[in-house]
Amino acid sequence: MTATEWWRQAVGYEIYPQSFFDSNHDGIGDLPGIQSKVAYLQSLGVDFVWLASFYPSGHVDSGYDVTDYRNVDPQFGTLADFDALVTALHAVNIKVVIDLALNHTSIQHPWFQAAQRDRTSAYHDYYIWRDSDGTTLPNNWESVFGTSAWTPNPATGEAYLHSFAPEQPDLNWENPAVQREMADIVQWWANRHVDGFRFDGVTHLKKCADFADVAHPRTDYYRDLAGVGPYLAALRPVLQRNHLVAIGEAGGIDMATAKQWLDPENGYFDLLLEFDHVHFWETAEPKLPVADLRANMSKWQVALEGYAWNALFIENHDLPRAVSYYGDGTAYPRRSAQALGMWYMLMKGTPFIYQGQELGLPNAHFKRLDDYRDLDSLNYYHRQLAAGVPETAILAQLATKSRDNARTPLPWTPDEYGGFSTHQPWIGLTPGLATRNVATEQQDPHSVLTFYQQLIQFKKAIPALQSGRYELIDTQDNQLYVYRRTLNGDNWQVVVNMSSQVATTQEFDLTASELILTNLRVDADSDDQVIQPWEARLYHLRKVEQ
Ligand code: GLC
Ligand code: CA
C-alpha cells in the first residue's frame, strides 16, 4: 500500500455546513463554526471530513446549484475562512474532502448566463440544447425532481436539459472545454490543500446520444455508464498529480462498471458511494428485508475483495436517518442506532459517518409543510397533491423519506436550539434534544456517541477489522446479520440482530470465542445463542484447529 492510500485506513465524517455549528448567530451553520468544533471531530477519532457543497449557489437545491466553483458562499464565510479551516484540520491530522457537482451548474452561473443569451456564445456549448418552439419539448425525459427535464429558452428558440431542477442546467461533458474547466477547478482547490473530492452525481454525466423517448423517462436517458468513462478520464491527471482521493457518488451503478471505474491501474475513483442497500425511493414500505441487505452488502464486499476498496455508509444529507430507516427508532432508539453502527462500520471498507448519526438522531419527522425546506420534498408534496393524494398521506410519506430529516441542526447541548445557534435556525430541530445531544452523550458511557467512539477505535486498532477478508455467515433468516473478518488466521465475528424480536440461532458456534464489544450490558450467564432485539456483538474467535 502506498502512502497516498491513506483513505483505506481512514474513517470519514460528512459535514453538512448549514447545520453543523453557527458561529455568527444568523441561524445558519458556517465554516468558522466547523473550525470551532475541530476538537470534537478529533475526540470522535475520524481521519477525514467531507464537506457537503459550500460554494456560492442559487440556493435552489441547498448548495448543489453552484454559481461559482472558486469561492465560498457568503453565508458560510470566506475563502480565508476555508483556508483557516483546512489549516486547523490538518494541524490535528484530519484530511479534507470537498464536494464538487460535476453534472450541472446554477442557471445563475456566468457560463449559463452567457449561454442562454445567444447560440454563438463560446459558453453555449457548455450546456445541452435542442430546438424548441416553447410549446413542444424535445422528448419525454424527466428530471429526478419530477416534471420534464427540459425548460424552454425563448431567447435562442431552444430548450435546455436539466436532470435535476430547472435551475440546475446540465453541463455538456461532450465538450472538451467543460472537461478542462472542471480539471482546472480541481487543481485550483488542490492548490488550497484539499485532500480529495466527493464528486456529485457522476452517473448522470452521459446522456443518450439520440435524444429519443425512453421507456423509463426518469432514469433511462442518462445511465449510459460506459460513456461516462472518457469524461472522467479528463480528471485523472489532475487527481493523480495532486494525490487526491476521488470518491464518486454513483447511484444505480452496476458491478461491471463499478469495477472499471475502480480499476487500480486505469480507473477514475478510489471509492464509490453505491446505493444497493438503500431502496426507499422505489417502494411505499421503505425497509429492505435483512435477507436482501445480506445479499446486497455481501455482493460488494466479495466482488471488491483483493481488487478495490468499499465505501461504507448508511446515512448522508440525502437520506432519512438510519435509526428510523433501518432501525427501530420507537422501541429501541439507542440500541438499534448502536447495532447499525457496528453492522456497517466493521465490514471491509472506509466507513463514512454523517453528522448526527453518531448521536443516534432519528428522523426530524416534521408535521407541517411549512417545516420543510428541501425542494425535492416540496416538489413531491405538490405533485402528489395534484395527483389527488390526501395531504395527511403526503405528509406521512415526507416524514419518513424527506431529505430534510437529516438536515436539521446538530444538537450540541440540551439548550435552546441545541446550542447550535443563539438565533432561530434555518430549519427546525429534531425532537429529543434533552437527551440526544453531544454534551449529554459525551458524559454517558452507554450513549450512542460513546459506542461510536469505541467502534472507530476498534476499526482502526485491529488489523483484521481493517483489511481482513469479509465472509458472510448466512443465517437464512430475517433477523440476524452475521459476518466474519479474517486476517492471517486472526478471526473476528460480528453478530447483529437487526430486528425488534429476540433471535435464536444454532447456525454458528460462539463457544470458542471471546465477547469483545457489545451494546448490551450482558449478565454473566446470558445465553450465547439468544440474541436480544438490536443486540450487536463483536467476538474474537479463539484459534480453532482446522
Ligand atoms: C447529489 C447531492 C444532492 C443533490 C443532487 C443534485 O445527489 O447529494 O443533495 O440534490 O446531487 O446536485
Ligand atoms: Ca452563521
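Taken together, the values in this text are just the output of simple stated rules run on the coordinates, not laboratory data. All values reported here derive from a predicted model rather than from experimental measurement. Cβ coordinates were reconstructed from backbone atoms using ideal geometry, including for glycine residues, and neighbour counts include every protein chain displayed.
For region 466-541, what does the equivalent ellipsoid look like in terms of its semi-axes, each the square root of 5 times an eigenvalue of the Cα gyration tensor, given largest first in whole Å? Each step should come with its number before you reach the end.
Numbers: eigenvalues 78, 43, 23 Å².
After scaling each eigenvalue by five and taking roots: 20, 15, 11 Å.
If you place +1 on the Cβ of every Lys and Arg and -1 on the Cβ of every Asp and Glu, how big does the dipole about the Cα centre of the chain come out, in debye to the nearest 20?
Details: 41 positive and 68 negative charges, 149 e Å.
The calculation lands at about 720 debye.
Once the principal axes of the Cα atoms of the chain are found, what is the range along each, listed largest first in whole angstroms?
78, 52, 50
For region 49-58, in order, what is each residue's ³J(HN,Hα) by Karplus, 6.51 cos²θ - 1.76 cosθ + 1.60 with θ = phi - 60°, in whole Hz (x at glycine and Pro)?
For region 49-58, the Karplus-derived couplings read 10, 10, 8, 5, 3, 10, 6, x, 8, x Hz, x marking Gly and Pro.
List the longest stretch of the chain that has no exposed loop site; here a site is one of the trypsin sites (Lys or Arg not before Pro) assigned by DSSP to anything other than H, G, I, E or B, with at most 10 other Cβ within 10 Å.
On the way: sites that count: 368, 521, 542, 543.
Free of exposed loop sites, the longest segment is 1-367.
Given only helices, namely DSSP H runs of n ≥ 4 each adding -39500 (n - 2.57), what is the per-residue ellipticity at 222 nm of the chain, to the nearest 500 deg cm²/dmol? Spell out each step's value before the answer.
On the way: 16 runs with 150 residues, N = 546.
Taken over the chain, the calculation gives -8000 deg cm²/dmol.
Can you list the HN-Hα couplings for region 313-318, worked out from phi with the Karplus curve (6.51, -1.76, 1.60; θ = phi - 60°), rounded to whole Hz and with x for Gly and Pro?
7, 10, 9, 6, 6, 10
Collect residues whose amide H, placed 1.01 Å from N in the peptide plane, falls under 5 Å from the amide H of residue 171; neighbours closer than 5 in sequence don't count.
Those lying under 5 Å, H to H, from residue 171 are 104, 105.
Long-range amide H contacts for residue 253: which residues qualify at under 5 Å (H placed 1.01 Å from N, peptide plane, sequence gap of 5 or more or a different chain)?
HN-HN under 5 Å from residue 253: 275.
Quick check: the distance between the Cα centres of region 217-270 and region 451-501, to the nearest angstrom?
29
With θ set to phi - 60° and the Karplus curve 6.51 cos²θ - 1.76 cosθ + 1.60, what are the ³J(HN,Hα) couplings of region 67-73 in order, to the nearest whole Hz, using x for Gly and Pro?
Per residue, the Karplus-derived 3J(HN,Hα) values read 9, 7, 7, 10, 7, 10, 4 Hz.
From the mean inverse distance of alpha carbon pairs (Kirkwood) and the Cα radius of gyration, derive Rg over Rh for region 110-161.
On the way: Rg = 10.9 Å, Rh = 11.2 Å.
With Rh from the inverse mean 1/r over Cα pairs, Rg/Rh is 0.98.
Stretch residue 529-residue 122 to full length: gain in nm at 0.36 nm per residue minus the Cα-Cα span? If you can, show how the numbers build up before the last one.
Working: separation 407, 0.36 × 407 = 146.52 nm, distance 6.88 nm.
Taking residue 529 through residue 122 to full extension adds about 139.6 nm, to one decimal.
Among 490-500, 420-430, what's the highest-first ranking by average C-beta atoms within 10 angstrom per residue?
Numbers: 490-500: 22.3, 420-430: 18.6.
Going by the mean number of other Cβ atoms within 10 Å, highest first, we get 490-500, 420-430.
Which pairs in the list 206/259; 95/460; 259/459; 287/348; 299/367 are over 27 Å apart, alpha-carbon to alpha-carbon? Show your work: numbers first, answer last.
Numbers: 206/259 18 Å; 95/460 16 Å; 259/459 25 Å; 287/348 23 Å; 299/367 38 Å.
As for pairs spanning more than 27 Å Cα to Cα, those are 299/367.
Give me, ordered by chain and number, the residues 5 or more places off residue 473 or on other chains with an amide H under 5 Å from its own placed amide H.
Correct list: 482, 483, 484.
Size of region 413-477 along its principal axes in angstrom, Cα-based, largest extent first?
49, 30, 22
Please state, as a whole number in µm²/s, the translational diffusion coefficient that the Stokes-Einstein equation yields for region 243-347 at 20 °C and 1.002 mPa s, with Rh defined as the Kirkwood radius across alpha carbon pairs. Working shown, then result.
Values: Rh = 14.9 Å.
In µm²/s, the coefficient is 144.
Report the convex hull volume per residue for region 352-437, counting only C-alpha atoms, in Å³.
Details: hull volume 8.0 nm³, N = 86.
So the per-residue hull volume is 93 Å³.
Restricting the count to DSSP beta bridges whose residues both fall in the chain, what percent are antiparallel, rounded to a multiple of 5? The partial results should precede the final answer.
On the way: 37 of 62 bridges.
Once the DSSP bridges in the chain are tallied, antiparallel ones form about 60 percent.
Calculate the dipole size of region 110-161 relative to its Cα centre from +1 charges on Lys and Arg beta carbons and -1 charges on Asp and Glu beta carbons; express the result in debye to the nearest 20. Kindly include the intermediate steps, with their values, before the conclusion.
Working: 3 positive and 6 negative charges, 20 e Å.
The dipole magnitude comes to about 100 debye.
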